1. Return P(r) of the protein assembly as shown (all Cα-Cα pairs; 10 Å bins starting at 0; whole %; ordered from short to long distances).
2. If packing is taken as the mean number of other Cβ atoms within 10 Å per residue, what is the order of B:140-146, B:38-44, highest first?
3. Mean 1/r over all different Cα pairs, inverted: what Kirkwood radius does segment A:35-74 give, in Å?
4. With a point put 7 Å past each Cα toward its Cβ, work out how far residue A:17 is from residue A:53 in nm, to one decimal.
5. Per residue of B:131-141, count partner chain C-beta atoms within 10 Å of its C-beta, then hand back the mean as an integer.
6. List, shortest first and in nm to one decimal, how far the label point of residue A:102 (7 Å from Cα along Cα→Cβ) is from its counterparts in the other copies.
7. Taking only Cα atoms of chain A, what ratio of Rg to Rh do you get with Rh as the Kirkwood inverse-distance radius?
8. Using a label point 7 angstrom from Cα along Cα-to-C-beta, what distances in nm, from shortest up, separate residue B:68 from the other copies?
């Protein structure tokens, strides 16, 4: 309990840019050396700041009825909702192209709006995150067992 | 570039506790309602604050020679190192048991030290993060294609 008064500071390292089907991450100049070798990976985990949900009302919302199971009251930690105490989004993205000099990472898609601040990137290592025998609750049975080829994007009408 | 002056605030929601082979996440009381339904998932992604690497020296280190490829200068975004501009760690953990009332999530293992602050939890959804055809750079070939059954823990001598 003693730690609940602590506050940590994070800063953007780039921005999500959407232009029709063209989706990329623009990385701010000071951070571009950190992109070295990222182009050798097929996927990258993109950590972003859900700035539309960073107000106190959203940050104190701990349970919700998700759109895919509206009759099922769910804790935000059991979801991927951007509504949560620390509004961090995380999307696994397929890497299309990396230009370290220009600071541009083109990705197949991402479920974040144009202009969303990016706060971290981590290469996707199968040894860390590719789970062979994962299960989800019975009320979600029927969901795909794999990420779609191009990953998860915005829903129609959201962009 | 205009966003680089922004600062976002995040706060701990719990703490990593290690006691020999017993590894759990203690969730602070105010946040326990957010755990609802998490017990139905086999795995959880644990977001933690790498407090041992949160000083300016580590936060301005953008490239390093990783211990698994010491001759290979690598950007921190192409790694899972806790050394990075925003010292967020993220570990996919196998869930052993969830006690919402007590605020305890027992996990098989995690590569974070005892006392590490936890800042977010996201249920592992295969549709989001289980990538069917992922590849890593040639200089890492030979690494496992799956997460180990119990996940990633600390290295001997680190605890």
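Nothing in this text is a laboratory measurement; each read-out follows from the coordinates by a stated rule. In this text, all values refer to a predicted model and were calculated from it rather than measured experimentally. When we count neighbours, we look across all protein chains shown, and the Cβ atoms used for this are built from the backbone with ideal geometry, even at glycine.
1. 6, 28, 39, 24, 4, 0
2. Numbers: B:140-146: 11.6, B:38-44: 20.3.
Highest mean packing first, the order is B:38-44, B:140-146.
3. Values: mean 1/r = 0.0736 Å⁻¹.
Answer for segment A:35-74: a Kirkwood hydrodynamic radius of 13.6 Å.
4. For residue A:17 paired with residue A:53, the spin-label model returns 2.6 nm.
5. Numbers: counts 13, 7, 6, 11, 6, 9, 7, 1, 2, 6, 0.
If you average over the peptide's residues, the count of other-chain Cβ atoms is 6.
6. 5.5
7. Values: Rg = 16.7 Å, Rh = 17.2 Å.
Using Cα coordinates only, the ratio equals 0.97.
8. 2.8
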